[in-house]
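The values are calculated or read from the model by the stated rules, or taken from the named source; none is laboratory data. Predicted model, so just to flag it, every value in this text is computed and none were measured. Please note: Cβ atoms are built from the backbone with ideal geometry, for glycine as well, and neighbour counts cover all protein chains shown.
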Amino acid sequence: MSFVKPELEYVELLPLLIVLGGACVGVLLEAVLPRGSRRVPQVVLSLLVVVGALVATVLVGTGLDIHEAGGQEARGLVGAEGSIVVDGPTVYLWGLVLVFALAGVALFAERRLEGGVSGFTGQAAALPGTDTERDASTRGLEHTEVYPLLLFAVAGMLLFPAAGDLLTMFVALEVLSLPLYVLCGLARRRRLLSQEAAMKYFLLGAFSSGFFLYGAALVYGYAGSMTFAGINEAVRAGGGDRWLLLAGIALLSVGLLFKVGAVPFQAWTPDVYQGAPTAVTAFMAAGTKVAAFGALLRLLYVAFGGERWSWEPMLWVVAIASMLLGAVLAAVQDDVKRMLAYSSIAHTGFLLVGVLGVQAAGDLAVGQLSSLGSVLFYLTTYGFSMIGAFAIVTMVRDAGGEATGFGRWAGLGRRSPLLAGAFAFFLLSMAGIPLTAGFIGKWAVFTTALDAGAWPVVLVAIAASIVAIGFYVRQIRLMFFTEAHPDGVGEVTRSSFLTSSTVVVCLAATLLLGVVPGPVLDLVAGAGDFIR
């Protein structure tokens, strides 16, 4: 048996290679630089890597050619010996992840809110409350390893929606998950809560990865192939043990639905969002959702498109449960971060409504937004709103750090009207109020689902949206029309230029996507379909 040298499309894979290379350089900096002089080089390196990868993504997107793939003409190519697919949706998702990663680096670099030190713990191995931990805090120590960890997570997020086979998708799942498990346990304040969040995320994530692997084994047993194209051919050809296929689809779905935080696999979401450092929560809430939904869409559209009538009822149930449970439980929270966490579960349900609108390209009228395009646009609007909202959460503080209890936010609109107004605008966008990005996003996914005949799910989505308006408006009323208790006030702390810029950019994007969504809608429509 002779060895065949694999061929890699280095130009098309350049964004992924830049991020992976930058992460490795970041690890080397940790080894060669003195401990007190690592932060600035790490921040500069991370910013340069993300910006460089973003520029490379734009170049790759403008240079994609029309190729013959799967019996149809598609824009893009299947590279890395079939392991990675670079097509229009992949490039759009890459750009989205990198934009959110840029915001993540900015929030990670914030120091002013913590009195001149990082929001990450000085010594993660020290037991909370011990002299060792207090000494590390007094000396101003910080874990600059968070920057290469972020870059490794970004690399996994780039690979996840671009995977062309189940093994590559699993590798991407682990590459993006493992750094996040560590990052969630590194909060400087409320150390026990942060460590608990990291442990819950790790244990439940390990279980979900096991489900994914078992599902991959069952699907391989049915199709005799790990590639999505090979699985698609086997599914359309029929034959074999169909129960093996259905069990494999179910188990693979468990692994991916866990990452998007869908019911009944959402138990980790509120605890992790609350316990993790808020900069990590912001980055994770946006980036992970984008990458995981990209992977879910590719798996369902490409590998199991011929079994639509088998997995669609499952998604109906999961979407309805996610919307209702997320909206109802968010309404009874008394912590801002937990409220946003349950809100994200409801948004997962709304995104799944868009996934249910899957149609063949030939079924679409000219100019009609596809299901894939509607989900991509919703992910864009959701990500900007979430990052902006969590960035504002970092600024409201008391003596113990972030003041996330609702009582601390009472009267915030009188103490800091601009900050409270920005937070209110993000909440209105999440609620889907007209002239915000969230309204256009919901309109897009609801319309494509109606066109596909999923009107019962759309009715539930509208009902859940009405419930969600209630708890978003409650938070706005708390900030602007409720008197603050003298002993329970969260003061707004002045942030650095990086955090302030993140809020301004997210606010501008949320406004522009609601008022003039046309260019981005054209962009997602121009991304085309997955290579099948």
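Miscellaneous remarks
- Matching residues, the range 317-340, being among the β-branched types (Val, Ile, Thr), assigned to a helix (DSSP H, G or I) and either more than 12 Å from residue 266 (Cβ to Cβ) or in contact with a strand residue (DSSP E or B) (Cβ under 7 Å, 6 or more places away or on another chain) (or both): 317, 320, 328, 336
- Some residue of the range 442-465 being out of contact with any helix residue (DSSP H, G or I) (no Cβ under 8 Å at 6 or more places or on another chain), under 19 Å from residue 412 (Cα atoms) and outside any helix (DSSP H, G or I): no
Table: residues versus (1) modelled with pLDDT under 90; (2) under 20 Å from residue 500 (Cα atoms).
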position: 407; (1), (2): yes, no
position: 412; (1), (2): yes, yes
position: 418; (1), (2): no, yes
position: 424; (1), (2): no, yes
position: 439; (1), (2): no, no
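- Hits in the range 252-287 - residues which are aromatic (Phe, Trp, Tyr) and part of a helix (DSSP H, G or I): 258, 268, 273, 283
- Some residue of the range 366-387 being modelled with pLDDT under 80 and either closer than 16 Å to residue 509 by Cα or of a type in the set (Asp, Glu) (or both): no
- Hey, residue 282 buried (at least 24 other Cβ atoms within 10 Å of the Cβ), within 15 Å of residue 253 (Cβ to Cβ), at pLDDT 90 or above and not aromatic (Phe, Trp, Tyr) or not: no
- Positions within the range 179-217 being assigned to a helix (DSSP H, G or I) and among the small types (Gly, Ala, Ser), in sequence order: 194, 197, 198, 205, 206, 208, 209, 210, 215, 216, 217
- A residue that is assigned to a helix (DSSP H, G or I), surrounded by fewer than 24 Cβ atoms within 10 Å (Cβ to Cβ), polar (S, T, N, Q) and more than 23 Å from the chain's Cα centre (by Cα) occurs somewhere in the range 230-247.
- Test for residue 453: is it surrounded by 14 or more Cβ atoms within 10 Å (Cβ to Cβ), at positive phi and modelled with pLDDT under 90: no
- When 194, 225 are screened for being of a type in the set (Ser, Thr, Tyr) and over 30 Å from residue 32 (Cβ atoms), only 225 passes.
- Against the test of being small (Gly, Ala, Ser), surrounded by 21 or more Cβ atoms within 10 Å (Cβ to Cβ), in contact (Cβ under 8 Å) with a residue 24 or more places away in the chain and closer than 30 Å to residue 482 by Cβ, the options 403, 444 yield a single qualifying residue, 403.
- Checking residue 290 against (1) among the β-branched types (Val, Ile, Thr); (2) assigned to a helix (DSSP H, G or I); (3) under 20 Å from residue 471 (Cβ atoms), the condition it does not meet: (3)
- So residue 516, is it in contact (Cβ under 8 Å) with a residue 60 or more places away in the chain, among the hydrophobic types (A, V, I, L, M, F, W, C), surrounded by fewer than 23 Cβ atoms within 10 Å (Cβ to Cβ) and on the phi < 0 side of the Ramachandran plot: no
- The single condition among (1) in a loop (DSSP other than H, G, I, E, B); (2) free of Cβ contacts under 8 Å to residues at least 60 places away in the same chain that residue 18 does not satisfy is (1).
- Output for the range 146-169, where each listed residue is among the hydrophobic types (A, V, I, L, M, F, W, C), assigned to a helix (DSSP H, G or I) and buried (at least 24 other Cβ atoms within 10 Å of the Cβ): 146, 150, 151, 153, 154, 155, 157, 158, 159, 166, 169
- Test: residue in the range 370-393 that is of a type outside the set (S, T, N, Q), touching a Lys or Arg at 6+ places or on another chain (Cβ under 7 Å) and not in a helix (DSSP H, G or I): no
- Residues in the range 406-441 that are surrounded by fewer than 22 Cβ atoms within 10 Å (Cβ to Cβ) and free of Cβ contacts under 8 Å to residues at least 40 places away in the same chain: 417, 418, 421, 433.
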